Amino acid sequence: MNRFDYVRAGTVEEAVQAIASGANARFIAGGTNLVDLMKYNVERPGRLVDITRLPLDRIEEQDGGLRIGALVTNAAVAYDGRVEDRYPVLSSAILAGATGQLRNAATTGGNLLQRTRCYYFYDEGTPCNKRLPGSGCGAIGGVNRIHAIFGTSDQCIATHPSDMCVALAALEATVRVAGPSGERTIPLSEFHRLPGDEPERDTTLGADEIVLSVDLPAEGFAGHHTYLKLRDRLSYAFALVSVAAVMELEGKTIKAARFALGGVAHKPWRNEEAERMLLGKPATRETFSAAADRVVSEAKPQSENGFKVELARRAIVRALEQAAAGTPQSQSDKRIA
């Protein structure tokens, strides 16, 4: 591990000044991803800016919704009574990820910014455009069973690893950030980015900006929701395919519906055209299958992950059926309902 400086920020302004120091600085809070990356020599910061003392550790009411501070731990969000009652898809998605120990340490801001688990990204002995731009992508034509089937480029086929962010995408949350020019908000759908020609950039966050909070809208779809996660083993594994689905019904007719996929792209994946196909239609398997077919029609699988196309199609249908029936997937009994 390389040598680095350490500073502790007492205010958001101090944190922004410290990150803009030009010393290849990184924020650290829970450290559940960054410390691993430093051990693997993937990240080599010249300075760590400790932000654990900033006043960003609260969940507050905000414009009919909730404002979740960037330093609120994943466990605190998942078990907050307001989140459980009003945004159960978010609570469920968080509990589907990692372990209790990690959720106690990991923060909301850190979860937003966690990096891909692509094998090649972590292995210094292999090419990876995300770790070292211009070096190539070992996953293309290599071992790519876990990799993306949507939104890839000839530079990178890595996937975004978060469960929480998939639920936030379905809820249409926003991310509040601050930098030298002040505060701004970024829709969750625009926060993470596709790899394109700059796979080293995971988000649209500026290098000198800090995440302050995630803001949830008033509508939480508490009555009809689910988070369905399919993976190689039942616990402590990243999604091969996951689906966060939320819905509002009038009788048996779909009044509103959104669904986002995880484990299939460089960002939580939504297809708004497929979502519109659900509106005004009866909540039936035929309706859900048509929307799922529309989504997977855009899939571009790699040499080893073609199975994800059919897996995604079936997962979408199953998740929409669970949401419509008001029978969300249990995260304690992980057998598929």
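Structure summary
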read-out	value
Conditions (1) on the phi > 0 side of the Ramachandran plot; (2) part of a helix (DSSP H, G or I): number failed by GLY141	(2)
Entirely in the stretch 1-102, the helices (runs of 4 or more DSSP H) that have 1 or more residues that are crowded, with 16+ Cβ neighbours inside 10 Å, in contact (Cβ under 8 Å) with a residue 12 or more places away in the chain and charged (D, E, K, R)	81-86
Matching entry among ALA256, ALA218 (being open to solvent by less than 50 Å² (accessible area, probe 1.4 Å), touching a strand residue (DSSP E or B) at 6+ places or on another chain (Cβ under 8 Å), small (Gly, Ala, Ser) and modelled with pLDDT of 95 or more)	ALA256
Odd one out for ALA324, checked against (1) touching a residue at least 60 places away in the same chain (Cβ under 8 Å); (2) among the hydrophobic types (A, V, I, L, M, F, W, C); (3) surrounded by fewer than 19 Cβ atoms within 10 Å (Cβ to Cβ)	(3)
Checklist (1) at pLDDT 95 or above; (2) closer than 18 Å to LYS229 by Cα; (3) among the hydrophobic types (A, V, I, L, M, F, W, C) applied to ALA98, failing item	(1)
Restricting the stretch 138-158 to residues that are surrounded by fewer than 24 Cβ atoms within 10 Å (Cβ to Cβ) and of a type in the set (Gly, Ala, Ser), the residue that is nearest to VAL241 (Cα to Cα)	GLY151
Residue within the stretch 262-276 that is assigned to a strand (DSSP E or B) and closer than 19 Å to ALA170 by Cβ present	yes
Criterion violated by SER297 - all others in (1) small (Gly, Ala, Ser); (2) farther than 28 Å from CYS118 by Cβ; (3) open to solvent by 30 Å² or more (accessible area, probe 1.4 Å) satisfied	(2)
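So that you can scan it fast, the table gives a plain yes or no per residue for (1) under 12 Å from LEU112 (Cα atoms); (2) open to solvent by less than 50 Å² (accessible area, probe 1.4 Å); (3) free of Cβ contacts under 8 Å to residues at least 12 places away in the same chain:
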| site | (1), (2), (3) |
| --- | --- |
| LEU171 | no, yes, no |
| THR174 | yes, yes, no |
| VAL214 | yes, yes, no |
| TYR227 | no, yes, no |
| ARG233 | no, no, yes |
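The values are calculated or read from the model by the stated rules, or taken from the named source; none is laboratory data. Keep in mind that what you see is a predicted model, and the values were worked out from it rather than measured. Note that each Cβ is placed from the backbone with ideal geometry, even for glycine, and that neighbours are counted across all protein chains shown. Only protein heavy atoms, including side chains, enter the accessible area calculation; ligands, DNA and RNA are left aside. Shrake-Rupley method; radii C 1.70, N 1.55, O 1.52, S 1.80 Å.
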